[in-house]
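Let me begin by presenting the structure, written as structure tokens, before commenting on it.
Since every read-out is calculated from the coordinates, none of them should be taken as a lab result. Predicted model, so just to flag it, every value in this text is computed and none were measured. All Cβ positions, glycine included, derive from the backbone under ideal geometry; neighbour counts span all protein chains shown.
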């Protein structure tokens with residue numbers, strides 16, 4: 001297994017992203033809720049550049065005590081990344097598809113060492 005240098009740790013503030021190429025693949029590394037995550041920049045749907053997508057909070061239905069729909073809101077605890085090609089959403093922490101948990105982003109282990117960020121490939 002190889003360790004690939006991504007960037008200095010200081011380059012990855014909250015919500016920021018870096019990309020690194022390894023063997024004809026692009027890996028996106030980002031800091032979310034203080035933690036670093038890394039995924040193959042390829043949507044499992046049709047190969048779109050998923051790591052370049054918008055980060056949004058999960059949309060949830062608001063249901064009242066009578067089980068009536070009262071609109072929609074955002075879940076501040078769950079962040080999704082949206083593939084820019086077709087809008088597929090993935091949980092940024094787990095990599096699981098929001099629509100169908102059988103689809104996942106390919107995840108890489110992130111290593112922080114001596115002020116630098118690496119991914120294990």
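Sort 97, 10 so the one with the fewest other Cβ atoms within 10 Å of its own Cβ comes first.
On the way: 97 20, 10 9.
With the fewest neighbours first, 97, 10 line up as 10, 97.
Give me the tail of P(r) for the chain as a percent: Cα-Cα pairs with distance above 24 Å. Could the numbers behind the result be given before it?
Details: 2274 of 7260 pairs.
Roughly 31 percent, rounded to a whole number.
Multiply the residue gap between residue 61 and residue 120 by 0.36 nm, knock off their C-alpha separation, and tell me the result in nm, one decimal place.
Details: separation 59, 0.36 × 59 = 21.24 nm, distance 3.81 nm.
Fully extending the segment from residue 61 to residue 120 adds 17.4 nm.
Over the range 3-120, what is the relative contact order in percent, taking alpha-carbon pairs closer than 8 angstrom and at least six residues apart? Intermediate results must be reported in sequence, preceding the final value.
Values: 247 pairs, mean separation 30.4, N = 118.
Answer for the range 3-120 is 26 percent.
Rank the residues 35, 67 as a footprinting-exposure proxy: fewest other Cβ atoms within 10 Å of their Cβ go first. All intermediate terms of the calculation are to be shown ahead of the outcome.
On the way: 35 10, 67 6.
With the fewest neighbours first, 35, 67 line up as 67, 35.
Which order do 90, 19 fall in if you start with the one that has the fewest other Cβ atoms within 10 Å?
Details: 90 26, 19 16.
So the residues, fewest neighbours to most, are 19, 90.
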